[in-house]
Amino acid sequence: MELQIINQQSMSSGRYFEAAVGKIAASVWVSATSGHLNVCCLNASHRAWGKLGRTFSTFDEAMAAYKSPQMKAIITAAKEA
């Protein structure tokens, strides 16, 4: 499956990256001050509850937390962006 970048922005407070692989879409926010990242899988639970996703200290932690190759591809693309 092909990765499709939906939105990509750099600001003084950090970087925002949103992409989709097949039916899986996610956003990744990387804070410029702390270096932490927030990964939010934009699935039905997110749409229903508006949760902010999960916070990680490093990209490696985020990669280890997800099993699907689609989420790993999105996190990898966000790291390289």
| said: Just to confirm the number: angle between the C-alpha axis of helix 69-80 and the first principal axis of the chain, 0 to 90 degrees, nearest 10? | reply: 30
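Mind checking Rg over Rh on the chain, alpha carbons, Kirkwood formula for Rh?
So for the chain, dividing Rg by the Kirkwood Rh gives 0.93.
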| query | Where Lys and Arg each count +1 and Asp and Glu each count -1, what net charge lies around ASP60 among other residues with Cβ under 13 Å from its Cβ? | reply | +1
| field | Candidates per GluC sites (Glu not before Pro) in the chain, loop by DSSP, up to 15 other Cβ within 10 Å | value | GLU2
| query | Using a basic spin-label model with each label point 7 Å from the Cα along Cα→Cβ, how many nm lie between GLU2 and SER57? | reply | 3.9
| said: To make sure I understand the rule: partners must be aspartates and glutamates, Cα under 14 Å from the Cα of LYS79, and not fewer than 8 residues away in the same chain. Which ones qualify? | reply: GLU18, ASP60, GLU61
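Computed from the coordinates by the stated procedures, all read-outs in this text should not be read as laboratory data. These figures come from a predicted structure and were not determined experimentally. As a convention, Cβ positions derive from the backbone with ideal geometry for all residues, glycine included, and neighbour counts pool all protein chains shown.
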